[in-house]
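Since the structure comes first, as structure tokens, the remarks are kept for the end.
The values are calculated or read from the model by the stated rules, or taken from the named source; none is laboratory data. Worth saying up front: this structure is predicted, and the values here are computed from it rather than measured. Here the Cβ is made from the backbone with ideal geometry for all residues, glycine too, and neighbour counts use every protein chain on show. To get the accessible areas, we keep the full protein, side chains included, count just its heavy atoms, and leave off ligands, DNA and RNA. Shrake-Rupley method; radii C 1.70, N 1.55, O 1.52, S 1.80 Å.
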Amino acid sequence: MVQRLEQQCRNCESNVGFTQSDDDGYFYCDNCSERDMDIIATGLDEEQLNIRYSKGCNTSRRANPVEPTVPTIDFENNNSISYEEYYSEIRSRYLNGLQFMIQLQCRALVDKFNVSPLIIGLVGPLWLRFVASTRITSDEWADQTFQDSESQIQGKILHCLFEYEMYFSLFIFPIRVSGEEDNESSHPGDRYGSEPINIHRKRIIYVWYRSLKSAIPISLSLAISFLVCHLAREPITPSDISNWTLEGKIPYFSAFLEIENKFSPRSNACPILASCMFRPIKAVSSQKLESMAADVARRIRLQLPPVNFHAVASRYLRQLSLPIEELLPLACRICEWSNPPELYLSANELRIPTRGCVVSIVIVAIRVLYGINGYGMWESSLSNKNPNSELMQILEAKYNETDDMQQEYSSDLPSYLDYCKDVVFPGLRPSYKDPEKLKLLKIENELLDELWEFYQNNKDIKKQIDKNKTRVEDYSYGDQDSARENRASKDLAIKRMKMDMEDNKFCYIPPRSNVKRKDYIHYARKREDVYVYAVHADYYVLLRSCAKVAQVETRIMHIAVLALERRLQWMEKRADSSLRMKFNLNDTCGFCNSESATDDDRMDLSI
């Protein structure tokens with residue numbers, strides 16, 4: 001009987017070879033355990049097994065789309081674990097793990113960012129209501145998922161998902177959690193034992209796991225944590241949650257380590273490791289986070305309030321170092337009068353984010369209070385001839401300060417390496433145990449030690465070079481400040497402003513001259529190859545600084561301002577037309593007419 005075949009694996013491209021499984025007779029790669037779809041065994045005599053290659057051959061049994069098979073499994077060789085115990089354990093571990101992850105996130109928000117402890121009491125009922133809305137706790141969930149996996153179309157989808165996960169595990173994360181020992185056989189038949197499998201030879205425990213992950217993805221934990229902050233009226237934005245997650249201040253990427261400590265890595269009925277079940281593979285954008293939170297509220301029929309405008313606007317004004325006492329009352333009046341729908345969470349991922357709407361109101365308030373309407377305030381600030389040039393300098397300084405801000409983990413190489421170790425790749429180590437590969441690993445570690453020693457010996461030289469460079473830059477900036485009065489320096493600053501505006505699809509407009517009427521100017525956009533926004537420099541300086549603080553793209557921020565201005569303009573016209581409306585009492589009904597009101601007997605009530 002042929003039990004081994006020397007051939008390169010198409011999945012992991014290794015030359016380790018293939019071994020035939022005694023359980024199902026198929027050939028599996030000894031490196032990645034992937035079944036080769038092009039190798040089949042023919043003939044019934046096991047002593048004279050003929051191997052042939054059949055490209056594109058489908059070795060799985062076809063499912064009957066009309067009559068799905070009923071899952072009947074023999075568990076005698078697997079400690080008599082029943083069918084119900086399998087799916088109950090998988091479902092219980094997944095839901096308990098996600099619930100524990102949400103609790104860790106809420107506790108971190110309270111302890112590290114001074115969020116109200118009220119969110120800890122709110123998150124429990126909200127989480128339970130959402131789990132109930134998914135119907136995964138019903139008795140029919142496991143059987144229905146099993147039957148769906150055996151349909152032909154569903155089988156193809158699961159096979160594509162399996163191929164994607166194998167590619168990701170082999171080429172994106174070719175590492176294993178420390179402490180995980182692979183003492184099992186390399187043959188899938190020996191490794192799976194008598195676990196339930198469908199007619200496509202797929203392990204049903206992974207089918208159930210993918211069903212759970214599709215109904216409640218891991219990223220939903222962040223959405224629920226943000227949603228309870230929104231319900232508690234906290235000035236926490238989706239960008240805050242996203243940033244704190246990337247920085248490792250909120251348990252997300254490394255939460256599976258704490259889940260392992262609490263629930264154990266795996267069990268007999270749920271052999272999926274916690275590192276596989278609860279480790280995210282990518283970050284969640286702030287826009288996606290906001291739409292997911294709104295979708296959760298919609299599914300549990302929870303009516304949401306708008307964002308806490310007063311708290312969020314106060315925070316942004318404080319970050320911009322602008323006078324809150326003067327600007328916040330005006331911004332609140334604009335908000336109460338216009339009441340834009342963008343202040344409410346929306347499941348539409350393409351809509352303007354709520355923080356963008358808040359900042360657009362702040363921008364309009366600043367423009368009204370300081371008269372930023374294209375009068376050349378920024379150009380005058382280059383020569384300090386405008387009394388409001390202090391405002392332009394503050395906005396530019398805040399923009400540069402925010403632009404130069406860097407995360408703590410990017411300050412130096414050791415901090416970044418610690419960040420990768422604790423946040424990006426927590427608890428991971430190489431997975432291979434082959435002696436030759438371990439020898440290569442030893443050589444690699446020695447090379448890393450040499451490079452690290454070289455870095456330590458030369459980092460002082462780099463600091464000295466950076467220090468000398470800073471002195472040169474300070475000297476050049478000093479020359480520029482001293483020469484800013486001349487025309488050449490001003491032209492250079494305007495040229496740089498034009499280049500910056502063009503990079504963001506904006507067009508520079510010179511300051512207004514011979515202004516006969518000082519009013520609020522409304523900007524428009526023109527269509528060339530793409531939409532180009534023509535604005536004045538003083539408005540652009542305000543716009544980009546506010547957009548940077550709110551972590552919104554400058555063009556999106558401008559679109560939010562235009563939408564708010566159109567809404568305000570429409571409301572002003574409606575109010576003006578209502579105030580100018582004149583009533584003619586002669587055209588009113590008989591009840592309003594004074595003559596008919598005194599003579600009720602002459603009122604005609606006939607039909």
Tyr370 neighbourhood, Cβ < 10 Å, K/R = +1, D/E = -1, net charge -1
Stretched fully, the stretch from Leu118 through Leu438 gains (0.36 nm per residue minus C-alpha distance, one decimal, in nm) 110.1 nm
Quote to one decimal, in nm, the extra length available between Ser138 and Ser578 on full extension: 0.36 nm per residue of separation minus the C-alpha distance between them. 152.7 nm
So how do 258-264, 276-282 stack up, highest first, on mean other-Cβ count within 10 Å? 276-282, 258-264
If you build the convex hull over the alpha carbons only and average its shadow over all orientations, what do you get for the stretch 239-283? Give it in nm² to one decimal. 3.3 nm²
Per residue accessible area in Å² of the stretch 219-345, where ligands, DNA and RNA are left out and the probe is 1.4 Å: 40 Å²
Could you tell me the accessible area of Tyr419 in Å² (1.4 Å probe, neighbours in place), rounded to the nearest ten? 30 Å²
Need the full-extension length gain, Leu5 to Gln393, defined as separation in residues times 0.36 nm minus the C-alpha distance. One decimal, nm. 132.4 nm
Coarse-grained scattering of the stretch 285-326 at q = 0.23 Å⁻¹, given as base-10 log I(q)/I(0) from a Debye sum over alpha-carbon atoms: -0.81
Please list, ordered by chain and number, the residues whose modelled amide H lies under 5 Å from the amide H of Ile216; skip anything fewer than 5 residues away on the same chain. none
Which residues does the label zone of His310 cover in the stretch 317-331, counting backbone N under 14 Å from a point 7 Å along Cα→Cβ? 325, 328-331
FRET efficiency, 1/(1 + (r/R0)^6) with R0 35 Å, evaluated for Tyr344 and Lys505 via beta carbons: 0.80
Holding the Cα-Cα limit at 26 Å, pick out from Lys288/Lys526; Lys495/Lys526; Lys459/Lys495; Lys282/Lys398; Lys439/Lys459; Lys213/Lys262 the pairs that are longer than that. Lys288/Lys526; Lys459/Lys495; Lys282/Lys398; Lys439/Lys459
If all Cα-Cα distances of the stretch 488-579 are sorted into 10 Å bins from 0 onward, what percent lands in each bin, rounded to whole numbers? 13, 40, 33, 11, 2, 0
Mean Cβ count within 10 Å, highest first, over the residues of peptides 555-561, 245-251: 555-561, 245-251
Roll a 1.4 Å probe over the protein heavy atoms and report the accessible area of Ile494 in Å², nearest 10. 30 Å²
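So if we plug the beta-carbon distance of Arg567 and Tyr83 into 1/(1 + (r/R0)^6) with R0 = 45 Å, what FRET efficiency do we get, rounded to 0.05?
Details: r = 58 Å, r/R0 = 1.29.
Once the sixth-power term is evaluated, E becomes 0.20.
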Among 290-299, 505-514, 114-123, the order from most to least packed when residues are scored by Cβ within 10 Å on average: 290-299, 114-123, 505-514
Over the stretch 79-155, what number does the Rg to Rh ratio reach, with both radii from the alpha-carbon atoms and Rh per Kirkwood? 1.14
